[in-house]
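The structure's right below; bear with me while I get my questions together.
What follows is calculated from the coordinates using simple rules that are stated; it is not laboratory data. None of the values given here were measured: they were computed from a predicted structure. Neighbour counts are summed over all protein chains in view; Cβ atoms, including those assigned to glycine, are modelled from backbone coordinates with ideal geometry.
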Amino acid sequence: MKYGLPKYVLLAIGTIMLLLAGASVGTTGTAAAPLMAITDTAEPPTRTSTPRPTNTPGPTNTPGPAAPTATPRPSKPDLADPAVSKSASVSEATIGDEITFTIRVTNAGPNTAEDVVVTDPIPDYMDVIEATTSRGNVSSNGRTVIVTIGKVFVGDEVTIRIRVRVNERALPPSGHNGVSITTSSPGDNPGNNTSDVTFMIPGPPTPTVPVLTPTATPLPPVILPTTGAADDTSSGAPLFAALGMAALLLSLFFRKKARE
């Protein structure tokens with residue numbers, strides 16, 4: 001024979017396997033042919049996977065020094081600027097007249113003014129009739145009116161009214177009255193912490209002194225002594241006349257007595 005027996009045996013075995021595979025495919029339609037039958041090569045050796053080395057933990061982070069904490073800044077003081085203004089109801093007053101003083105308290109801020117107190121010393125030529133305030137408490141110390149307001153908010157306005165009467169101690173030509181304000185808040189402007197008012201006090205009319213025009217006073221006549229020789233007989237006429245009148249009166253007197 002040309003070909004040896006082993007060759008035929010291998011061919012027979014391959015044919016049988018192909019038939020079996022075809023029969024199997026025809027029956028189920030899902031079975032796959034063995035890898036050796038398709039490739040006619042030996043099955044490749046299986047690859048063994050080399051285990052990866054486990055991760056070695058790295059060096060741990062050593063915590064550094066803690067950052068310094070920020071020092072809190074001091075809080076800004078509560079700055080405030082309360083102000084006071086004063087006006088009078090009249091510009092002129094005489095003894096017995098009443099005057100109403102109006103006092104206004106405000107705050108320009110920027111924060112609330114604390115412990116605000118208004119002080120108004122009234123002069124001795126004015127008597128206090130009444131004192132009122134829109135907020136706070138009114139008290140007095142002698143002739144001084146004291147208004148304790150307390151807090152005054154930004155943009156707020158407190159109104160105080162003091163009604164007085166002018167007494168007999170008032171002297172012309174004018175009267176004066178001032179008011180002041182205090183606070184415990186820092187930042188206050190002292191330039192607007194006082195306010196003054198002035199009003200006229202007219203006095204009695206000034207008497208007019210008449211102007212005398214000097215007039216010429218007539219001088220009495222001057223009697224000059226008689227001088228010269230005594231040969232003027234006219235100067236003895238009055239004496240003779242007087243003697244004659246006396247003799248006549250005497251004669252009339254004796255005649256009357258003789259009749260009785």
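Which is farthest toward the positive dipole end of the stretch 82-200 among Phe153, Thr102, Ser85, measuring Cα position about the Cα centre, with Cβ charges +1 (Lys, Arg) and -1 (Asp, Glu)?
Phe153
Turning to a different aspect of this structure: Contour minus end-to-end for Thr100 and Leu250, with contour as 0.36 nm per residue of separation and end-to-end as the Cα-Cα distance? List each step's numbers first, then the result.
Values: separation 150, 0.36 × 150 = 54.00 nm, distance 9.66 nm.
Stretched out fully, the Thr100 to Leu250 stretch lengthens by 44.3 nm.
Starting with the highest mean, order 188-200, 144-156 by the number of other Cβ atoms within 10 Å, averaged over the residues of each peptide.
Peptide ranking by packing, descending: 144-156, 188-200.
Starting from the amide H of Tyr125, placed 1.01 Å from N in the peptide plane, find each other amide H under 5 Å away whose residue is 5 or more places distant or on another chain.
Amide H to amide H, under 5 Å and 5 or more residues apart or across chains, Tyr125 pairs with nothing.
Let me ask something else about it. Using the Karplus curve 6.51 cos²θ - 1.76 cosθ + 1.60 with θ = phi - 60°, work out ³J(HN,Hα) for each residue of the stretch 83-93 in order, rounded to whole Hz, and write x for Gly and Pro.
Here the 3J(HN,Hα) series is 9, 9, 9, 9, 9, 10, 6, 9, 9, 8, 8 Hz.
Please list 3J(HN,Hα) in residue order for the stretch 140-152, calculated via the Karplus relation 6.51 cos²θ - 1.76 cosθ + 1.60 where θ = phi - 60°; whole Hz, with x for glycine and proline.
Karplus values, whole Hz, x for Gly and Pro: 9, 9, x, 9, 9, 8, 10, 10, 8, 8, x, 7, 10.
Cα-based Rg of the stretch 82-200 per 2.2 N^0.38 Å, rounded to two decimals?
Working: Rg = 14.6 Å, N = 119, 2.2 N^0.38 = 13.5 Å.
Normalised Cα radius of gyration, the stretch 82-200: 1.08.
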